[in-house]
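First comes the structure, then the notes that go with it.
Since every read-out is calculated from the coordinates, none of them should be taken as a lab result. Fair warning: this is a prediction, and the values are worked out from it, not measured in the lab. As a convention, Cβ positions derive from the backbone with ideal geometry for all residues, glycine included, and neighbour counts pool all protein chains shown.
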Amino acid sequence: MSRDPGHEREQRGLGPAGAEKAAANRRLLLRRVGITLAAVAVLAGLAWVVLASPLLALDGERIEIDGVGGHVDPALVRAAVEPEIGTPLLRVDTGEVAGRVASVPAVEEARSRGPGRTA
């Protein structure tokens, strides 16, 4: 018995045309699997960028504090936001951050704005 795959196919009754069709089907299947794996890898990469990477994270250098005057200490406001620095923006709970900032003495109102790398 020969180890030649083409010879074995011919013995099973596929013949040369059947062997070509089987090879084409395998190539098509491998191409589909490759495309599917590439698409999954791209989607996983995008999900990582949006949900876990520092590329879209809250940037401490870009925090803006408007309307600070009189009795509000900007350092206390920054301290209230500090735990979220470096967190991807989609994972920042802006309501919680605004609540922490609003709890700073003499703060009348706290809001976040976006989109972008500021909150």
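Listed values, structure above:
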{"read-out": "Label-point separation, R78 to R62 (7 Å along Cα→Cβ), nm", "value": "1.8"}
{"read-out": "For A57, residues with placed amide H under 5 Å, excluding near neighbours", "value": "L89"}
{"read-out": "Protection-proxy order for peptides 80-88, 100-108, 40-48, each taking the mean of Cβ atoms within 10 Å per residue, highest first", "value": "80-88, 100-108, 40-48"}
{"read-out": "Segment V33-A17, length gained on full extension (0.36 nm per residue, minus Cα span)", "value": "3.3 nm"}
